[in-house]
Amino acid sequence: MPKHVDHEERRQTIASATWKVIAEKGAEAATVRTIAEAAGLSLGALRYYFKTQDELIGFTLELVKERVQQRIQRILEQQLPPAESTLRILLEMIPHNEETYQEMSVWFQFMNGVRQRIFSPESDDMLQGITLMMTQLEQHDLLKNELDMEVEIERLRAVVDGLALHAMISPEKYTEEKLIRILKTHLNEIFAASEKD
């Protein structure tokens with residue numbers, strides 16, 4: 001009797017093998033052949049799931065986004081005070097532990113090389129997420145009244161981008177505690193007085 005194969009689980013295994021190859025050898029080594037070997041599959045078996053390298057890399061990057069989104073959803077389900085919830089959500093966009101560091105490493109190594117081939121130029125999930133978050137905070141009167149929302153959205157995005165980059169380059173310097181202090185300082189500048197820590 002043929003063995004039942006969970007195809008989604010197999011795709012996840014292949015994506016995990018892709019992460020391992022990147023972590024150990026760099027993005028340049030993440031060829032379809034190398035990834036097939038790391039996943040313990042034949043080249044033909046891997047191509048059954050992913051016809052091209054771009055398709056494989058696209059799935060791997062989508063998996064990173066999906067994991068971040070799942071963690072953010074769990075934060076939202078806790079119904080924390082707005083300031084704490086916002087802080088925790090932003091922290092999920094920055095490498096601050098082994099899991100998020102690995103995810104961001106995958107993301108950074110591939111985005112410059114494949115973004116234009118895999119994603120549309122309009123695809124910017126971080127900006128969309130920050131825009132939605134800031135809009136909801138404004139609608140609930142949790143932000144200072146005098147803020148220029150367009151500027152503040154871009155400024156917050158720049159803060160998160162900058163911290164993510166520095167945390168990747170110098171993780172020993174940008175500890176989780178330091179990242180939290182920096183984010184809190186920024187959020188205290190935009191939150192209404194009643195919402196500040």
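Bear in mind that the values in this text are calculations on the coordinates, not laboratory data. Everything quoted here is computed from the prediction, not taken from an experiment. Methodologically, a virtual Cβ is constructed for each residue, glycine included, from the backbone with ideal geometry; neighbour enumeration extends over all protein chains shown.
Tabulated values for the structure
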| item | result |
| --- | --- |
| Filtered residues of segment 69-102 (kept if more than 30 Å from residue 193 (Cβ to Cβ) and surrounded by fewer than 20 Cβ atoms within 10 Å (Cβ to Cβ)) | 69, 70, 97, 98, 99, 101, 102 |
| Complete set of residues in segment 34-60 that are touching a helix residue (DSSP H, G or I) at 6+ places or on another chain (Cβ under 7 Å), of a type outside the set (Gly, Ala, Ser) and closer than 19 Å to residue 106 by Cβ | 34, 35, 46, 49, 50, 53, 54, 56, 57, 59, 60 |
| Positions within segment 157-197 being in contact (Cβ under 8 Å) with a residue 60 or more places away in the chain, within 19 Å of the chain's Cα centre (by Cα) and in a helix (DSSP H, G or I), in sequence order | 160, 163, 164, 167, 168, 176, 179, 180, 183 |
| Test result for residue 165, surrounded by fewer than 17 Cβ atoms within 10 Å (Cβ to Cβ) and either under 17 Å from residue 107 (Cα atoms) or touching a strand residue (DSSP E or B) at 6+ places or on another chain (Cβ under 6 Å) (or both) | yes |
